[in-house]
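What follows draws every value from the coordinates through simple rules; no lab data is involved. This one's a predicted model, so the numbers in the text were calculated from it and none came from an experiment. A quick note on method: Cβ atoms are made from the backbone with ideal geometry, for glycine too, and the neighbour counts reach across all protein chains shown.
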Amino acid sequence: MSELQPGAGGEGALVREDITEYLKRYQRKELLRFVAVGSVDDGKSTLIGRLLHDTGMVYQDQLDAVKKATTMEGEEIDFSLFTDGLKAEREQGITIDVAYRYFATEKRKFIIADTPGHVQYTRNMVTGASTANVALILIDARHGVLEQSRRHGYIASLLGIRHLAVCVNKMDLVGYDRQVFERIRKELDGFTADLSFADVTYFPVSALKGANVVAHSDKTPWYDGPTVLEYLENVPIARDRNLESFRFPVQTVLRPNLDYRGFAGEVASGKVKPGDEVLVLPAGTRSRVKGIDTYDGPLEEAHAPMGVVLRLEDEVDCSRGDMMVLPDDRPRGTRSFEAHVVWMAEADLDPQKTYVLKHTTQETRAQVDRVHWKKDLETLAEKPAPTLGLNDIGRLSLTTHKPLYVDGYQDNRATGAFILIDSLTNNTVGAGMIIGDRERAAQDLEAALKELRAGSGLRPQTQVSPRERVARMGQKGATVWLTGRPGSGRWSLAYALERHLFDLGRTATVIDPTGEDLRSMVSACKAATDAGLVCICAFPSYHIEDREMLRERIGADRVIQVYVNTDPALCAERRPDAQVEDFDPPRHPDLTMALDSVRIEDAVKTIVDDLEKRGQLEAE
Amino acid sequence: MTSETTNAPLLRELPPYALEHLKALEAESIHIIREAAAEFDNPVMLYSIGKDSSVMLRLAQKAFAPGTLPFPLMHINTTWKFREMISFRDQLARELGLRLIESRNEDGVAAGVNPFDYGSSKYTNLMKTVALKSGLTRYGFDCAFGGARRDEEKSRAKERIYSFRDEHHQWDPKNQRPELWNLYNAKIIKGESVRVFPLSNWTELDIWLYIMVDRIPVVPLYFAKERPVVEREGQWIMVDDDRMRLREGETPQMKKVRFRTLGCYPLTAGVESEAETVEEVIQEMLLTKWSERQGRLIDFDEEASMEKKKREGYF
């Protein structure tokens, strides 16, 4: 056993002789979080105990206690006992939850998320991996690459970890045989090539004997790579965090006095400087950063993950849950997206249920529209499934009540992650990672190519059912058809309505005539309405039979006919060139409004109210 | 990567846009404090006057600067605290303009509950846990910030940052919510509450270093000074006032001692020390391979005692 070093990474002499210098250095450490994954038998606790012990993080009284608890006389110290946890678990002799442990060396401070490796503890590994920079997995040299090793690699990659450290442990039990090590490396390399790691590093280790954990071992002369600790001290992580896309979810608004209004939050990604133009979402307001304030004084620049207060040049409407971004690099504003979700609860995912979704500092209700597949955690194959159960990982389509501003999780952990909360039990039941455009495009292309290669003799037709469309859009869709004389203001009303619906987070569009005839316009409206849009059209339909035709073709229940009966004299005054003689006033319009007697905003509101009353803006 | 890198100079430059670890911890804590303050209806900060509380208070100031704290502080006063702790507390509250609530178990005080006759376990339950729970209930706090760290004690290694408590303020290790990323679940029903631990990922060394770098005032008892003590079961107990019950053969003597943790003076042992500054305290701490808990008598009651206390509602 090596001699105990003072509790600070073996810098005993410096602590003794020049504490000021030591503390100066200590402050310059970088923080690295890693998740250590393994089962009881892999020797993970022993490895962690070894790291803690050999870096001097174990206090004398803990060492005494562990010596006392090491049952058999003459046995080596059981390093795993440094990390045992709660009483019940100790009795069962297994670790069943994520435990956090801390140590530091002269280069870095480390936070270990110590998680169990069995398949029934997948949710625990996911939890530990969610904040980690590095995943450290253990493989028993005697058993080689097992299903669980692949699973651990897959989960680490899914959770966006960029660096994988594979400890081939118990090398002492295979005589430190290089062939064993190389075989495992080769096998796992083939698997990790398809995952999203920046690097994968292998270590021949004996945690029990301390080989290549902290000190190099003379038993492995064929290995000239770093020890596990050297690797942890040096693996570059500063660039792992997204420093490109500025995202600032507002946590709270500070108004200590009438002259000060600051937006407090954590820079979730990217960086920002005073003078930068920012866009406030969802309002869409632009302003400039006037100052970046902290308790310790103003900053010239703030970057992730600093907690700061931003002041803006203008009085903008912005509160908790809103997000500031740079105008030329925006997240996707959406109410529906696909995500990888890990199910964390005993009760299965219920697609009929509405869950609370928390994303950045925003909260909304969410519904699962579809389970695309779930992973078989043994084979990692994707298979169809109606729902997800405890520890399942699946790909889902979700729709939210309010629009969210998201990035793909693999591009931006901070704005790509969300949790699902059961609104009845208040428990956290799901962990989600949003699939970004880039990732989805790659996967879609892959799937499309596969299909092309497979070849199909059938005439292509839509594979999206009306139900799925409704679920995706979160609204049924409708055609709002505005009828009236030329000059009645129907197009102004159409565009005002489109803007208002858009601001409400709805998907709406104006179908504008471009030298088309009425039939083409009606076809366009029908297609857009089928797709679930609120389609607004004011194309001339001066005659009763025109309006009958469009109602019939689009579907009477989906058409709202609005008669804009602005005073004919005023219409003529506005558009003297375009008056028609044979205008038939609609006999049974759904709504009637004269733009010379109601404000356009009120007219818009009346139409939206009617859409809502008919349930066209709901998914159900 | 080669082994060359290990021979790099000790004082190395951090990569651009890397945060020093204390700054990273600070950012995490500020985020937690702001989240909890925004999402709970009626939060309170449990302020124990100790060094961890001092750091937590500073982090809360940072979270809301230039504004003031949007929640009050609550001190659980067992009435047996060191006198210097109380005077420090009152002065700090005055200087910073803090809203400070004191909660005591008045029935316990009236019944003369003391650490001599009741045994540390029973005494702590009555004067600390009961006072804490009644304070939380009286004001209807649904969130209580605490300064506990995961490195303090084994059972805390698995503690969540948001630690859920039922309507009896009890903690069920089997019924804790998964905690992912920095997305905290603040959903509770009326009567339930959450203890929020912003310092979860700090170590004792981090705390001291932060106190040094940020010049955070702490109670002078942390620094060595000649103090009247008696030797009891191999430990130095300070005779802080005339309520101290001396056993036969015990005579107070002056010893240069300091305290690694602060609590009720008859239950908090001092260590002989020469450390009069923060730097010297850190130096002593690093060179002494003692655990911080050794000065805290309540932990020696029984195996896994902290876990038991937590289930009952103590931190």
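Enumerate the aspartates and glutamates that A:Lys605 could reach by cross-link, defined here as Cα to Cα under 15 Å, with residues fewer than 8 away along the same chain left out.
Candidates past the 8-residue exclusion: A:Glu498, A:Asp503, A:Asp590.
For the range A:249-403, what is the convex hull volume of the alpha-carbon atoms per residue, in Å³?
148
With N denoting the number of residues in chain A, provide Rg(C-alpha) divided by 2.2 N^0.38 Å, to two decimal places.
For chain A, the normalised Cα radius of gyration is 1.24.
Using a Gaussian network model of chain B whose springs link C-alpha atoms within less than 10 Å, name the residue from B:Lys128, B:Lys225, B:Lys154 with the highest mean-square fluctuation.
In the Gaussian network model the winner is B:Lys154.
What pairs in A:Lys613/B:Lys187; A:Lys170/B:Lys154; A:Lys186/A:Lys219; A:Lys107/A:Lys290; A:Lys186/B:Lys174 have C-alpha atoms more than 29 Å from each other?
Violating the 29 Å limit, Cα to Cα: A:Lys613/B:Lys187; A:Lys107/A:Lys290; A:Lys186/B:Lys174.
Counting Lys +1, Arg +1, Asp -1, Glu -1, what net charge surrounds B:Asp142 among other residues with beta carbon under 12 Å of its beta carbon?
Once all neighbours under 12 Å are counted, the net charge is 0.
Under 10 Å, Cα contacts only: if you run a Gaussian network model on chain B, which one of B:Asp107, B:Asp142, B:Asp151 comes out with the highest mean-square fluctuation?
Top of the fluctuation ranking is B:Asp107.
Between exposed GluC sites (Glu not before Pro) in chain B, where DSSP calls loop and at most 16 other Cβ atoms lie within 10 Å, what's the longest gap?
Longest site-free region, per DSSP loop and neighbour criteria: B:14-166.
Check each of the chymotrypsin sites (Phe, Trp or Tyr not before Pro) in the range A:534-585 and keep only those in coil by DSSP with at most 11 other C-beta atoms within 10 angstrom; list them in order.
Within the range A:534-585, no chymotrypsin sites (Phe, Trp or Tyr not before Pro) qualify (loop, at most 11 other Cβ atoms within 10 Å).
Determine which residues of the range A:175-203 fall in the zone a paramagnetic label at A:Leu380 would reach in this model, i.e. backbone nitrogen under 18 Å from the point 7 Å along Cα→Cβ.
A:183-203
Going through the range A:489-597, which trypsin sites (Lys or Arg not before Pro) have at most 16 other Cβ atoms within 10 Å and a DSSP loop state?
On the way: sites: A:Arg490, A:Arg499, A:Arg506, A:Arg519, A:Lys526, A:Arg547, A:Arg551, A:Arg553, A:Arg558, A:Arg574, A:Arg587; in loops: A:Arg506, A:Arg587.
Answer in residue order: A:Arg587.
Just from the alpha-carbon atoms, what are the Rg and Dmax of the range A:122-161 in angstroms?
10.4, 31
Please check: in the Gaussian network model of chain B (C-alpha springs, under 10 Å), which one of B:Arg177, B:Arg150, B:Arg104 has the largest mean-square fluctuation.
B:Arg177
Sorted from largest down, give the three principal axis spans of the alpha carbons of the range A:247-325, whole angstrom values.
So the extents along the principal axes, rounded to whole Å, are 29, 29, 21.
Grab the beta carbon distance between A:Ala238 and A:Ala578, set R0 = 51 Å, and tell me the FRET efficiency rounded to 0.05.
Working: r = 65 Å, r/R0 = 1.28.
So, using R0 = 51 Å, E works out to roughly 0.20.
If I model a spin label as a point 7 Å beyond the Cα along the Cα-Cβ vector, how far apart are those points for A:Leu424 and A:Asp328 in nm?
About 5.1 nm, to one decimal.
Per residue of A:23-33, what is the mean number of Cβ atoms on other protein chains within 10 angstrom of that residue's Cβ?
For peptide A:23-33, the averaged partner shielding equals 6.
For the range A:225-259, which GluC sites (Glu not before Pro) are both in a DSSP coil and crowded by at most 15 other Cβ atoms within 10 Å?
When the GluC sites (Glu not before Pro) of the range A:225-259 are filtered for loop state and at most 15 Cβ neighbours within 10 Å, A:Glu244 remain.
Mind pulling the angle between the C-alpha long axis of helix A:437-454 and the longest principal axis of chain A? Nearest 10 degrees, somewhere in 0 to 90.
80
Quick one: what are the phi-derived ³J(HN,Hα) couplings along the range A:191-200, Karplus 6.51/-1.76/1.60 with θ = phi - 60°, whole Hz, x for glycine and proline?
Whole-Hz 3J(HN,Hα) from phi for the range A:191-200: 6, 6, 4, 8, 8, 9, 6, 7, 8, 10.
Take the Cβ-Cβ distance between A:Ala527 and A:Arg286 as r, set R0 to 41 Å, and report the resulting FRET efficiency rounded to the nearest 0.05.
The pair A:Ala527/A:Arg286 has a calculated efficiency of 0.75.
Lysines near B:Lys225 by alpha-carbon distance under 26 Å, same-chain residues fewer than 8 away left out - which ones?
B:Lys51, B:Lys81, B:Lys255, B:Lys256, B:Lys289
Please give the average number of partner chain Cβ atoms lying within 10 Å of the Cβ of each residue in B:32-38, rounded to a whole number.
4
Calculate, in whole percent, how much of the Cα-Cα pair population of chain B lies beyond 38 Å.
Details: 7327 of 49455 pairs.
Across chain B, Cα pairs with separations above 38 Å total 15 percent.
Pairing the Cα long axis of helix A:60-69 with the longest principal axis of chain A, what angle in degrees results, from 0 to 90 and rounded to the nearest 10?
The helix A:60-69 is inclined about 80 degrees to chain A.
For the range A:467-613, report the % of Cα-Cα distances exceeding 24 Å.
Roughly 27 percent, once rounded to a whole number.
Hey, what do the phi angles of the range A:585-600 turn into as Karplus ³J(HN,Hα) couplings, whole Hz, using 6.51/-1.76/1.60 and θ = phi - 60°, x for Gly and Pro?
x, x, 7, 10, x, 6, 9, 10, 8, 10, 6, 8, 10, 10, 5, 4
When the convex hull of the Cα atoms of the range A:320-446 is projected onto a plane and the area is averaged over all directions, what value comes out in nm²?
In nm², the orientation-averaged hull projection of the range A:320-446 is 8.3.
Hey, got the average number of other protein chain Cβ atoms within 10 angstrom for residues in A:250-259?
If you average over the peptide's residues, the count of other-chain Cβ atoms is 4.
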